[in-house]
Each structure stands twice: as structure tokens, then as C-alpha cells.
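What follows is a short report on a single structure.
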Amino acid sequence: MAERALELAERAWRMAEADEADAVAQLEDSGFARFAASEVHQPTLIRNETLTLRVVRDGKVGCAVTNRTDDDGLREAARRAAEAADSARADPDYAGLQAPTPVPEVAGFDEATAALTPEEQAAAAAAAIEAAAGYGLYGYFTSGLTELAVSSSSGHAVAQTMTDASVLTIAASDDESGYAEATSWKGAELDPAAVAREAVEKATRTKGAVEIEAGTHAAVLEPYAFSELLWYFGFTSLNALACLEGRSYFSGRIGEKLFHESFTLVDDGLTPRGLPKAFDFEGVPKQRVTIVDKGVAKDVVWDRRTAKRAGEGRTSTGHALAAPVQGFGPLPLNLSVAAGDATREELVERVGEGIYVTRLHYLGVVDPREGIITGMTRDGTFRIEGGKVSKPLVNLRFTTSFPKLVESLVGLEKDVELVNRSDFYEERYPFGTLVPAVATEAFTIVGTGSGPGL
């Protein structure tokens with residue numbers, strides 16, 4: 001599999017005039033059926049090839065990206081990468097290319113999903129619309145095939161073929177809104193109709209939303225909401241570069257008990273329950289990294305640059321981004337939270353009095369060093385009264401401490417869900433978080449917005 005991507009990556013670096021060079025090839029073949037007001041209105045087919053070339057000349061690094069993959073296009077990319085290297089300063093953090101190394105075998109490819117036709121993608125969207133039973137439904141169904149390959153002048157060459165499928169639905173009217181989604185690397189595991197019914201059921205309960213006083217509330221966060229908070233915290237605090245530079249909540253705190261003892265967090269790109277990856281964008285084998293073990297901070301994720309900077313025997317854990325964005329540092333793209341022992345209903349009972357949150361949006365990091373994140377709830381926020389979900393609430397503005405929220409857990413759901421996070425990348429590169437719903441005593445509301453959703 002992925003022979004085309006591997007051939008393209010090798011052909012690209014061989015055109016470079018450099019001391020060292022590597023290339024990443026990403027090939028996408030996908031379909032996207034978007035719907036609005038219960039009508040499919042934007043069917044899209046994408047076939048694209050993207051090539052990222054990195055060259056090293058006299059200790060200076062340059063890169064170029066292109067989707068012109070004929071010989072002329074690759075020669076032009078090689079010229080631009082060399083020009084960028086020649087105009088750069090020597091890079092003290094450049095750690096050299098990955099030596100030839102075997103990578104783990106992983107799941108993540110499903111032939112039936114790769115073979116889904118535009119008609120079948122449209123039929124999946126239509127199934128969601130039909131299940132909404134006249135409710136205005138917004139969202140999409142998408143599925144695709146991605147080939148990823150890394151090849152370099154060091155002799156290292158690795159490739160992977162992966163599939164993914166997702167359905168996202170928002171059931172909405174002027175004063176009602178509900179949300180649901182599902183993702184898998186096996187399209188047959190998705191039930192678009194069931195996802196739509198979940199969104200509609202949530203929306204029907206949001207009419208007549210009322211306000212709530214600002215303050216720190218006990219709360220139940222559905223996996224959609226908790227995944228959003230975890231992703232923003234991970235982006236800023238579970239990144240080795242941020243940790244080394246003192247910008248992370250984990251900076252100077254590795255080895256300390258920072259969270260509730262029920263909270264265990266790993267980054268695991270190898271698990272078949274997620275969207276598996278065998279290697280990162282430098283071709284380094286993926287490793288399962290324990291980040292938090294029973295509340296104790298254990299580690300962050302690393303790439304070759306940060307491992308070199310740290311010294312002391314550090315090695316990459318297989319979390320490098322593509323060359324043009326390695327300045328962000330390595331990212332934990334496959335976060336997984338250990339499940340707990342409660343049902344969703346039991347989490348609500350444990351909270352007793354508080355709020356129930358389906359989904360978050362418009363997030364921003366206020367203080368990465370302290371893990372403080374702000375944003376809005378949407379598409380299904382409710383009061384919890386007497387241990388039951390009760391009346392709907394308007395959108396709420398929150399500014400809350402993720403560490404405090406997790407330190408104050410009162411329960412985690414006994415099942416985890418895969419929540420898609422792939423919108424981070426422009427090219428198709430499927431990844432997501434595996435998370436349960438959680439109950440906490442510390443979710444801080446600072447104001448209200450308007451309406452329940454859109």
C-alpha cells in the first residue's frame with residue numbers, strides 16, 4: 001500500500017541539491033456531502049497530492065510545499081527549499097534525519113471505506129436527513145483514503161495507508177439546537193441516522209432556555225465538550241517545546257500529583273480504537289506515551305528537535321509535525337483518557353446541582369502556564385437539579401482552569417468515545433481523542449450568550 005506516496009517522496013528528495021534531504025508525501029482521495037436545512041447542497045470530491053520537501057545545506061534548513069508533483073513541480077520545490085536554506089541561519093536544534101528504522105504495524109485501513117462512492121456518501125447524508133423527521137438538519141458526511149509516506153537521504157522510507165469516515169449533525173431552528181457526531185476508520189461502524197436522532201433529541205429539549213448566575217459550578221461535560229478542552233490544553237501544555245520554554249502547565253511539575261487520582265491520560269497513536277498512526281512526519285515510529293498516571297504528571301510528547309534540545313538521553317516519541325510548522329513543537333494528536341466506573345446518568349446524579357454541557361466552541365487559551373481556557377457552550381446546555389437534567393440554558397461564556405477542572409473530578413463515564421479533531425490540518429490527516437464524559441465540581445461560568453446554538 002501507499003506505493004505512489006512513497007515513490008513521490010523519494011523522487012522529490014533525490015532532486016534536492018543538499019547535504020541531507022527528506023520528503024513527506026500526502027495523497028488524498030475523499031468525498032464530502034454537506035447538507036443545510038435538510039438538503040444536500042455541496043457535494044465535493046477531492047483528489048490531491050501534497051509534497052513537503054526539507055533540505056539541509058551547511059547546517060541550515062529550508063523547506064518547500066507543493067501540490068505540483070510532476071518533475072518540473074518537484075524541481076521547483078527543490079529550488080525553493082534550497083533558497084530558503086541558503087537564506088536561513090544555522091539551526092542549532094536540527095537533529096539530523098531519522099536513521100532507517102522499522103515502524104510498528106497498525107490498523108487504520110478499511111477497504112470498504114476506501115471504496116465508498118459519491119453516491120454512497122450522498123446516501124449516508126440522506127439517511128441522516130431522513131432521520132431528522134422534518135427538523136432542520138445541518139452538517140456533513142465525509143469519508144476518504146489517505147496515503148502518507150516519508151523518505152529521506154538517510155535511507156529511511158516508511159509509508160501508511162489509512163481511511164476515515166465522519167458524520168456531523170446539528171439539528172436547529174430559531175430557538176432550538178442540538179449536536180452529535182461520530183467518527184471511525186471503518187465507515188460501516190457509523191450510523192448517520194442514529195447520529196441525527198441524537199442531535200434532534202437534544203434540540204427538542206433546548207426551547208425556552210433561561211440564564212444562570214455566573215460562578216463556579218459543578219458540571220457534567222459530554223465527550224464532545226471535554227475533548228475540546230483537552231485538545232486546547234494538550235496543544236499548549238503537553239508539548240515538549242512549551243514545557244522546555246516554561247510556557248506549559250507541566251513546566252517544572254513533572255512527577256507531581258496535579259490532578260484527581262481517577263485521571264489517567266496517554267497519547268496513543270497505535271490503538272485501533274482511535275485513528276491509528278505508525279509514524280510521525282519525520283518517519284519516527286509512534287510510541288504510546290503515558291502523560292498522566294492516576295493524577296501524577298509523567299511526561300509530555302517529543303520530536304527530534306526537542307529531544308536534542310533537552311539532551312540527557314531524550315529521544316523522539318514520534319510526535320513531530322511537518323517541517324514548515326515544527327516551530328510549534330510536537331503535538332499530542334491521539335490523546336486518550338482512561339474510562340471510569342459511571343454511566344452518564346450516574347454522573348448527573350453525582351453532580352446533583354449544576355450544569356450539563358454538550359459542546360463547546362470559540363475556545364481560546366487565556367493563560368497557558370496555568371491552563372486557563374475560555375469559550376462558549378452551545379447546542380445543548382442544561383441545568384442539573386436534584387440529580388436530573390432539567391431546564392435548558394442559554395449559551396454560557398466560561399473561563400475555567402483545565403487543571404482545576406480535572407483536579408475536581410467526581411466521576412468519569414465507563415465508556416469512551418472517539419471525537420474527531422482533524423480540522424486542525426488543511427490536508428486530510430485523520431486524528432482524534434478517545435474520551436469519556438466527565439463530572440467535575442469546578443467549571444467556571446463568567447457570563448451568558450444568546451440562544452441555544454447557531
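The values are calculated or read from the model by the stated rules, or taken from the named source; none is laboratory data. Computed from a prediction, not measured in an experiment: that's the story for all the values here. A quick note on method: Cβ atoms are made from the backbone with ideal geometry, for glycine too, and the neighbour counts reach across all protein chains shown. Surface accessibility is based on the protein's heavy atoms, side chains included, excluding ligands, DNA and RNA. Shrake-Rupley method; radii C 1.70, N 1.55, O 1.52, S 1.80 Å.
Do you know the Lys pair count in the chain for C-alpha distances under 17 Å, with sequence separation 8 or more or different chains?
Qualifying lysine pairs in the chain: 11.
Karplus couplings for the range 48-54 from phi (6.51 cos²θ - 1.76 cosθ + 1.60, θ = phi - 60°), rounded to Hz, Gly and Pro as x?
Working through the residues one at a time gives 9, 10, 10, 10, 10, 10, 10 Hz.
Return the long-range amide H neighbours of GLY411 (sequence gap of 5 or more, or a different chain), with a cut-off of under 5 Å between placed amide H atoms.
ALA439
For the range 344-454, what does the alpha-carbon gyration tensor say about shape, rounded, prolate or oblate, given a ≥ b ≥ c as the root eigenvalues, a/c under 1.5 as rounded, and a/b over b/c as prolate?
Values: a/c = 1.45, a/b = 1.30, b/c = 1.11.
It comes out rounded by the Cα gyration axes.
Per residue, how much accessible area does the range 211-323 show when a 1.4 Å probe rolls over the protein heavy atoms, in square angstrom?
Working: 3940 Å² over 113 residues.
The answer is 35 Å² per residue.
Apply the Karplus parameterisation 6.51 cos²θ - 1.76 cosθ + 1.60, with θ equal to phi minus 60°, to every residue of the range 210-219 and state each ³J(HN,Hα) to the nearest whole Hz, in sequence, with x for glycine and proline.
Result, ordered by residue: 10, 8, 9, 5, 5, x, 8, 10, 5, 7 Hz.
For ARG397, tell me the accessible area in Å² from a 1.4 Å probe, rounded to the nearest 10.
80
Computed FRET efficiency, Cβ-Cβ of HIS361 and ALA90, R0 51 Å: what is it to the nearest 0.05?
Numbers: r = 42 Å, r/R0 = 0.83.
After rounding to 0.05, the efficiency reads 0.75.
Using a ≥ b ≥ c from the Cα gyration tensor of the chain (square roots of the eigenvalues), is it rounded, prolate or oblate, where a/c under 1.5 gives rounded and otherwise the larger of a/b and b/c decides, a/b for prolate? Could the numbers behind the result be given before it?
Details: a/c = 2.22, a/b = 1.41, b/c = 1.57.
Oblate, because a/c is 1.5 or more while a/b does not exceed b/c.
Which value at 222 nm does the chain reach when only helices count, each DSSP H run of 4 or more adding -39,500 (n - 2.57), with the total divided by all residues and rounded to the nearest 500 deg cm²/dmol?
Values: 10 runs with 99 residues, N = 454.
About -6500 deg cm²/dmol.
For a quick check: with amide H placed at 1.01 Å from N, whose amide H comes under 5 Å from PHE250's, ignoring anything fewer than 5 positions away on the same chain?
Under 5 Å from the amide H of PHE250 lies no amide H from a residue far enough along the sequence or on another chain.
Which value, in Å², gives the accessible area per residue of the range 57-186 when a 1.4 Å probe is used on the protein heavy atoms? Please list the in-between numbers first.
On the way: 5510 Å² over 130 residues.
Using a 1.4 Å probe on heavy atoms only, each residue of the range 57-186 averages 42 Å².
With a 1.4 Å probe and all protein chains kept in place, how much accessible area does THR204 have, in Å² rounded to the nearest 10?
The value for THR204 is about 80 Å².
Could you tell me the relative contact order of the range 18-70? Use alpha-carbon pairs under 8 Å, at least six residues apart, and round to a whole percent. If you can, show how the numbers build up before the last one.
Values: 93 pairs, mean separation 19.5, N = 53.
Once divided by the residue count of the range 18-70, the mean separation gives 37 percent.
Can you compute the modelled spin-label distance between ARG11 and GLU346, with each label point 7 Å from Cα toward Cβ, in nm?
Roughly 5.7 nm, to one decimal.
Quick one: dipole size for the range 15-107, taken about the Cα centre, charges +1 on Lys/Arg Cβ and -1 on Asp/Glu Cβ, in debye to the nearest 20. Kindly include the intermediate steps, with their values, before the conclusion.
Values: 10 positive and 18 negative charges, 54 e Å.
Rounded to the nearest 20 debye, it is 260 debye.
To the nearest 20 debye, what is the magnitude of the charge dipole of the chain about its Cα centre, counting +1 on the Cβ of each Lys and Arg and -1 on the Cβ of each Asp and Glu? Please list the in-between numbers first.
Working: 45 positive and 68 negative charges, 202 e Å.
Magnitude of the dipole: close to 960 debye.
Around SER177, which amide H atoms from residues at least 5 apart in sequence, or from another chain, sit under 5 Å from its own amide H, with H modelled in the peptide plane?
THR206
Rolling a 1.4 angstrom probe over the protein chains, ignoring ligands and nucleic acids, what is the accessible area of LEU258 in square angstrom, nearest 10?
20
Just reorder HIS361, HIS260 by solvent-accessible area, largest first, 1.4 Å probe, all chains present. Don't skip to the answer; put the middle values down first.
On the way: HIS361 30, HIS260 60 Å².
Result, largest first: HIS260, HIS361.
Given the Cα-Cα distance of GLU39 and GLU261 and 0.36 nm per residue of separation, how much length would full extension add, in nm?
Separation in residues times 0.36 nm, less the Cα-Cα distance, equals 75.2 nm.
Sort LEU116, LEU434 by accessible area with a 1.4 Å probe, largest first. All intermediate terms of the calculation are to be shown ahead of the outcome.
Numbers: LEU116 50, LEU434 15 Å².
Per-residue accessible area, sorted high to low, gives LEU116, LEU434.
Protein chains only, probe 1.4 Å: how do SER408, SER173 rank by accessible area, largest first?
Details: SER408 20, SER173 50 Å².
The ordering from most to least exposed comes out as SER173, SER408.
Applying 1/(1 + (r/R0)^6) with R0 = 22 Å to the Cβ-Cβ distance of GLU245 and LYS294, what FRET efficiency is obtained, to the nearest 0.05? Before the final figure, lay out the partial values.
Values: r = 28 Å, r/R0 = 1.25.
Taking R0 as 22 Å, the efficiency between GLU245 and LYS294 is 0.20.
Mind listing the phi-derived Karplus ³J(HN,Hα) values for the range 274-280, rounded to whole Hz, using 6.51, -1.76 and 1.60 with θ = phi - 60°, and x for any glycine or proline?
x, 10, x, 9, 8, 7, 9
What percentage of the solvent-accessible surface of the range 90-245, computed with a 1.4 Å probe over protein heavy atoms, is contributed by carbon and sulfur atoms? Walk me through the numbers before you get to the answer.
Working: 3000 of 5780 Å².
It is 52 percent, rounded to a whole number.
Mind jotting down the three principal axis lengths of the range 73-226 based on Cα atoms? Whole angstrom, largest first.
That works out to 62, 46, 32 Å along the principal axes.
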